[in-house]
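These notes concern the structure reproduced below.
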Amino acid sequence: MTLDAVLSRIDADLPHATERLLELLRIPSISTDPAYAAHCQTAADWLVADLTSIGIAAEKRPTPGHPMVVGHIDGEGPHLLFYGHYDVQPVDPLALWDRDPFDPQVQDTPKGPVIRARGAADDKGQLMTFVEACRAWKAEHGTLPCKLSFFFEGEEESGSPSLVPFMQENADELRADLALICDTGMFESRVPAIVTMLRGLLGEELTVTAPDMDLHSGVYGGVAMNPIRVLTRVLASLHDDTGRITIPGFYDGVPELPDAIRSQWQGLAFDHATFLGDVGLSQPAGEHDRTPVEMIWSRPTCEVNGIWGGYTGEGFKTVLPSKASAKVSFRLVGDQDPHKIRESFRQMVQDALPPDCTVDFISHGAGQASVTETSNPAFEAARAALSDEWGVPAAYVGCGGSIPIAGHFQDILGVTPMLIGFGKDDDAIHSPNEKYDMESFHKGIRSWARVLAALT
């Protein structure tokens, strides 16, 4: 089977591939809003029909939430499992969109043509790059190069409540030699990348209570404990003057970066001045002894995401509040245990409370980090394939965000995940005017064809 023939067919069929993507993008499959539940069903049906059209035995599988789409096709060689998600984020605020977010269009921009729509980059465009590569391969050769399974989720943007139970119940069916995920991006929008490190995530909400009602600050100020003062002191104590996090045991399980990975990252010449300058900042604010790219990809964090208490409306009100609250998130790496960190954080807060104060906590999820071992020869084969398509050496990179499915593939299925995506930094995922570059879509399809050839 020749790869060149597949690549030529991809080039010739690009207009039809684009129209198929636009058709999928017209379906408003917003998973978090019950008003769009029927549209999520429609998107799942669309994918079943599309997979079936290229000879894949596909089904819509019910869950307590939105359905999964599962498909299989037999073949020789390794068994590859491909994952993507067909649900999308809400579109609010709608007024900031330049056009209807579910009326997709290919638009010309100074940087080249883009596909503009909700879900274009996250994740329908990425998902379809793999499907289109398979379509071209099947059309050219009458078969696919290996045994393939497809696993599309409809709840990724709403916390994936049905995912783990479904994977546990169907583990034997989903288990494969390697799992492929297309939900990431390129380094600085120009270097193809395989993500090998994903940070875990822990969320905590705390409310400090002092007096049992709001008080007049002229009558009680100075003599009554102010919960905002208590809370801000606690939050300020979470970091020392060097940027290190002070929670006892927090760094247990945090590995040092291997020399080979550190050297490769240094070779990427990450421009942190531009990275920060694009959002109006100039100085890195994390651990003083770490480079910016290390802090983003391989170091843990503790961040206050919200804080409130007392009167915050228009004008002024001299109130001494009864309660003060905050939301705190932790990005985790290596073998950090989110449950132990939660216990340690809560104990640290409890120990810092003065008399007459109490604290209540609400948990907001806890997921461990995911690290992929790249010693599997498939990784170097895929990296070479990406380099050939994009004309620059592909890199192993980390990701500051969290993609729980990668860890689930390891923990539940015992399958190594390989994360390859073609998103760019300015795709505006989760934001108004989301887009996916035509270059990402076209070369993404070609990239997957090359990766399939390399892995089989």
> Which residue, of Arg446, Arg342, Arg346, is crowded, with 21+ Cβ neighbours inside 10 Å and assigned to a helix (DSSP H, G or I)?
Replying inline: Arg446
> For Tyr311, which of the numbered conditions (1) modelled with pLDDT under 95; (2) closer than 30 Å to Arg190 by Cβ fails to hold?
Replying inline: (2)
>> Among the listed residues Pro62, Pro113, Pro15, Pro93, identify the single one that is surrounded by fewer than 18 Cβ atoms within 10 Å (Cβ to Cβ), touching a residue at least 40 places away in the same chain (Cβ under 8 Å) and more than 23 Å from the chain's Cα centre (by Cα).
In response: Pro113
> Are there any pairs with C-beta distances below 7 angstrom linking a residue in segment 291-317 that is over 20 Å from Thr246 (Cα atoms) to a residue that is among the β-branched types (Val, Ile, Thr) and modelled with pLDDT of 95 or more, with the two at least 6 apart or on different chains, and if so which?
Replying inline: Gly309/Ile228; Gly310/Ile228
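So that you can scan it fast, the table gives a plain yes or no per residue for (1) free of Cβ contacts under 8 Å to residues at least 24 places away in the same chain; (2) in a loop (DSSP other than H, G, I, E, B); (3) exposed (fewer than 15 other Cβ atoms within 10 Å of the Cβ); (4) more than 22 Å from the chain's Cα centre (by Cα):
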| position | (1), (2), (3), (4) |
| --- | --- |
| Ala179 | no, no, no, no |
| Glu204 | no, no, no, no |
| Asp212 | no, yes, yes, yes |
| Arg233 | no, no, yes, yes |
| Gly243 | no, yes, no, yes |
| Phe250 | no, yes, no, yes |
> Hey, Asp356 hits all of (1) at negative phi; (2) in the same structural domain as Val208 (by TED's automatic domain parsing) but one; which does it fall short on?
Replying inline: (1)
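Just a yes or no: is a residue in segment 134-150 within 30 Å of Ala369 (Cα to Cα) and either in a loop (DSSP other than H, G, I, E, B) or out of contact with any Gly (no Cβ under 6 Å at 6 or more places or on another chain) (or both)?
yes
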> If you take the residues in segment 372-391 that are outside any helix (DSSP H, G or I) and out of contact with any helix residue (DSSP H, G or I) (no Cβ under 9 Å at 6 or more places or on another chain), which one is modelled with the lowest pLDDT?
Replying inline: Ser375
>> Suppose the filter is in a strand (DSSP E or B), among the hydroxyl-bearing types (Ser, Thr, Tyr) and on the phi < 0 side of the Ramachandran plot; does Thr196 pass it?
In response: yes
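The values are calculated or read from the model by the stated rules, or taken from the named source; none is laboratory data. It should be emphasised that the depicted structure is a prediction, and the values quoted were computed from it without experimental measurement. Cβ coordinates were reconstructed from backbone atoms using ideal geometry, including for glycine residues, and neighbour counts include every protein chain displayed.
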